[in-house]
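Notes follow once the structure below has been shown.
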Amino acid sequence: MKKYKYLFVTIFVVFALIFALVLRGYRLDNQSLPTNLGELKCLYPVVVSGQSMEPALKSGTRLLLSKCFKDKQNLPVGTIVFFQDNGVNKLGRIKEKIILEEGVFYKIGRDARPGEEFTISPDQITASDEK
Amino acid sequence: MKNENVSFILPFLLWVIVTLAYAFRSTLQSAGFPIDPYFSLLYAFPVILLILNKISSADMGFRIGKPLYGLYFLLLLPGILFLRYYFMGLQMQLAANWLILVVGSVAEEFFFRGYLQSQFEKSFNNTTISFSLTNFLFLLVHVVKGYSLLSSLMTGLIGVYFSFAKDKSGGDSLAYSAGAHSLYNLVTSSVQRIGVNL
């Protein structure tokens, strides 16, 4: 081993770097922007189409959402969510959280269409910008 | 020959175990582990090796060394940091967890500057390699801790300063690097950061 010590150290340094990044990813699962390997699995990129979320999100904007949730039942008001409504994927913003006997529901609005509202259950949410 | 191999490879192996202990620290503690696994391993490994006579206390840096140099290293960096915060007009108040900070800092010095650095020094007979390797591993532990890329790099550089405090070309004793590390951590944790983005 002493004969190959420089080779060993070079390999170990590379291994240690990867090792540390993976462990960091384990510790900080979806708490910050994707700066490491562990968070890559959470990424959910979407491309905005249509004017429903203007002026915040224009058509064609690339948006990096996260599909890892800390607590799906407890998303704050104002979170941008990607959700399914009758099999159609839509992008909206949480306006209100409703707690009923059957469980938690969210009232989702869309910035450019004040009249339009959806009431969805947390299970319909695929991804959000909540980190 | 075999013994040589073991003493060469052991520091790397122990670093891996220590890093794993840090990463699974909260998991272990919530599972009922009675003491902090990270700090206890940082103390335990060098102590066990000392008892088994695999390393000597002279390697670890248990001596008076050069007090004048030592005092310089002890006060320079923490002093600069303190004056910086002082002239920025920030409120300073001794951190509530000061004891843990001191114990933790001494533990890290014990393992990194005391054990790893002296072993690398022996293996490579080269201060540059031993300093950079020790502080690269020190940096990576802070990457696991969740520091940003920039502050991790800063810890690597500050680690080189601590390495000089322990090395025979500097303070020549572990006491100075451990003291400097503790003071540094105390100053950074004692400043009131509310509303100020440092």
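FYI, it's all coordinate maths here, none of it is from the lab. Just so it is clear, the model here is predicted, and its values are computed rather than measured. Every residue, glycine among them, receives a Cβ derived from its backbone with ideal geometry; neighbour counts consider all protein chains shown.
Once both labels are positioned 7 Å from their Cα atoms along Cα-to-Cβ, the gap between A:Thr10 and B:Leu99 label points is 4.9 nm.
Across the stretch A:15-21, rounded Karplus estimates of 3J(HN,Hα) from the backbone phi angles (6.51 cos²θ - 1.76 cosθ + 1.60, θ = phi - 60°) give 4, 4, 5, 5, 4, 5, 5 Hz, Gly and Pro being marked x. Taking a ≥ b ≥ c as the square roots of the eigenvalues of the Cα gyration tensor, an a/c ratio of 1.5 or more together with a/b no larger than b/c marks the stretch B:39-117 as oblate. Inter-label distance, B:Tyr43 to B:Leu13: 2.4 nm, where each label sits 7 Å from its Cα along the C-beta direction. For A:Asp85, nonlocal amide neighbours, meaning residues 5 or more places apart or on other chains whose placed amide H falls under 5 Å from its own, are A:Lys90.
Summarising the amide proton neighbourhood of A:Leu65: residues at separation of 5 or more, or on other chains, whose placed amide H is nearer than 5 Å comprise A:Tyr44, A:Val46. Quick one: which residues, 5 or more positions from A:Met53 or on another chain, have an amide H under 5 Å from its amide H? H modelled 1.01 Å from N in the peptide plane, none for Pro or chain starts. Correct list: A:Ala112.
Computed 3J(HN,Hα) for the stretch A:48-63, one whole-Hz value per residue from the Karplus formula 6.51 cos²θ - 1.76 cosθ + 1.60 where θ = phi - 60°, is 6, 10, x, 9, 5, 10, 5, x, 4, 10, 8, 4, x, 5, 8, 10, glycine and proline marked x. Peptide B:137-145 shows a mean partner chain C-beta count of 5 within 10 Å per residue C-beta. Derived scalar couplings between HN and Hα for the stretch B:119-130 equal 5, 5, 4, 5, 5, 10, 6, 8, 5, 4, 5, 5 Hz in order, rounded to whole Hz, by the Karplus curve 6.51 cos²θ - 1.76 cosθ + 1.60 (θ = phi - 60°), x for Gly and Pro. Remark: for residue pairs A:Lys3/B:Lys122; A:Lys5/B:Lys122; A:Lys5/B:Lys54; A:Lys58/A:Lys107; A:Lys58/A:Lys90; B:Lys145/B:Lys168, the C-alpha separation exceeds 18 Å in A:Lys5/B:Lys54; A:Lys58/A:Lys107; B:Lys145/B:Lys168. Across peptide B:20-29, the average count of Cβ atoms from other chains found within 10 Å of a residue's Cβ is 2. Highest mobility in the GNM of chain A, judged by mean-square fluctuation with C-alpha springs under 10 Å and restricted to A:Thr61, A:Thr119, A:Thr79, is found for A:Thr61. How would the stretch B:2-190 be classified by its alpha-carbon gyration tensor: rounded, prolate or oblate, with rounded meaning a/c under 1.5 and the a/b versus b/c comparison settling the rest? Oblate is the answer for the stretch B:2-190, as a/c is 1.5 or above yet b/c matches or exceeds a/b.
Rounded to the nearest 500, the 222 nm mean residue ellipticity of chain B from helices alone is -23000 deg cm²/dmol, with -39,500 (n - 2.57) taken per DSSP H run of at least 4 residues. The stretch between A:Lys97 and A:Lys72 holds 7.8 nm of extra length on full extension. This uses 0.36 nm per residue minus the Cα-Cα distance. Dividing the helix sum by the residues of chain A, where each DSSP H run of 4 or more adds -39500 (n - 2.57), gives a mean residue ellipticity at 222 nm of -6500 deg cm²/dmol.
FRET efficiency for the B:Leu76 to B:Lys122 pair, using the beta carbon distance and R₀ = 30 Å, is estimated at 0.60. Let me know the shape class of the stretch B:30-84, please: from the alpha-carbon gyration tensor, a ≥ b ≥ c as square roots of the eigenvalues, rounded when a/c is under 1.5, otherwise prolate if a/b is greater than b/c, or oblate. Oblate, since a/c reaches 1.5 and b/c is not below a/b.
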